[in-house]
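Engineer: Attaching a single structure in structure tokens format; questions to follow.
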Amino acid sequence: MSQKPEENLDPITGEPGAHPVGTGLGALAGGAAAGAAVGTVVGPLGTAVGAAVGAIVGGMAGKAVAEAVDPTAEHAYWEAEHPRQPYHKDGYTFEDDYAPAYRLGLRDVQQHQGRPYEEVQETLAQDWDMYRGKSRLTWPEASPAARAAWERAQHLNMSS
């Protein structure tokens, strides 16, 4: 099966259109917001109907976010680009040292869509030890890579 560069296929089925993480995040956020809004207007039945409709609409929005940022393509992009970044340190490898920071930035851009990096930087710092794997980078050394991935993903989301 050949994949067009702009496609971000479902990681489980390999098919376009169903992105479990993005769809789930969008459904959760959209369903809660729509259910609350409708519920205040027409009562408990409206809340249930609004939650169902909101889950569908939210799932579609979440799917769009997941399709806009292809983790495989981003990995390849950063593997090629990281040696040219001002924060790159000689003697450190992409796979072991930098890739975990880029992945952390990508992971959180989907969870905190539209928020500036400064608002989630503290959460990322707290999560770094869980996600760093074999990386020898401290959080202050890894943060610029996470930020670069975050900002690139934000740009990709806005342009799609």
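The values are calculated or read from the model by the stated rules, or taken from the named source; none is laboratory data. Computed from a predicted structure; not experimentally measured. So basically every Cβ, Gly included, is an ideal-geometry build from the backbone, and we count neighbours across all protein chains shown.
Engineer: Going through region 104-137 one residue at a time, which ones are more than 11 Å from W150 (Cβ to Cβ), of a type in the set (K, R) and crowded, with 18+ Cβ neighbours inside 10 Å?
Structural biologist: Once the filter is applied, which keeps residues that are more than 11 Å from W150 (Cβ to Cβ), of a type in the set (K, R) and crowded, with 18+ Cβ neighbours inside 10 Å, region 104-137 yields only R132.
Engineer: Here is a follow-up. What's the number of the condition Y92 fails, among (1) exposed (fewer than 14 other Cβ atoms within 10 Å of the Cβ); (2) part of a loop (DSSP other than H, G, I, E, B); (3) in contact with a Lys or Arg (Cβ under 9 Å, 6 or more places away or on another chain)?
Structural biologist: The failed condition is (1).
Engineer: Hey, among the residues in region 138-160 that are charged (D, E, K, R) and under 16 Å from the mean Cα position of the chain (by Cα), which one's surrounded by the fewest Cβ atoms within 10 Å (Cβ to Cβ)?
Structural biologist: Restricting to residues being charged (D, E, K, R) and under 16 Å from the mean Cα position of the chain (by Cα), the top hit is E151.
Engineer: Of all residues in region 67-89, how many are assigned to a helix (DSSP H, G or I), touching a residue at least 40 places away in the same chain (Cβ under 8 Å) and among the charged types (D, E, K, R)?
Structural biologist: Matching residues across region 67-89 total 2.
Engineer: A further question on this structure: Among the residues of region 132-141 satisfying the criterion of being out of contact with any Asp or Glu (no Cβ under 6 Å at 6 or more places or on another chain) and either modelled with pLDDT under 95 or assigned to a loop (DSSP other than H, G, I, E, B) (or both), which is farthest from L106 (Cα to Cα)?
Structural biologist: So, considering only residues that are out of contact with any Asp or Glu (no Cβ under 6 Å at 6 or more places or on another chain) and either modelled with pLDDT under 95 or assigned to a loop (DSSP other than H, G, I, E, B) (or both), the one farthest from L106 (Cα to Cα) is T138.
Engineer: For region 95-106, name all the residues that are among the hydrophobic types (A, V, I, L, M, F, W, C), under 16 Å from L137 (Cβ atoms) and either touching a Lys or Arg at 6+ places or on another chain (Cβ under 9 Å) or not in a helix (DSSP H, G or I) (or both).
Structural biologist: The initial filter retains those residues of region 95-106 that are among the hydrophobic types (A, V, I, L, M, F, W, C), namely 99, 101, 104, 106.
Next, from what is left, pick out any that are under 16 Å from L137 (Cβ atoms): 99, 101, 104.
Matches in region 95-106: A101, L104.
Engineer: Another question, then. Mind checking which residues of region 95-122 are aromatic (F, W, Y) and modelled with pLDDT of 95 or more?
Structural biologist: Listed by number, the residues that qualify are Y98, Y102.
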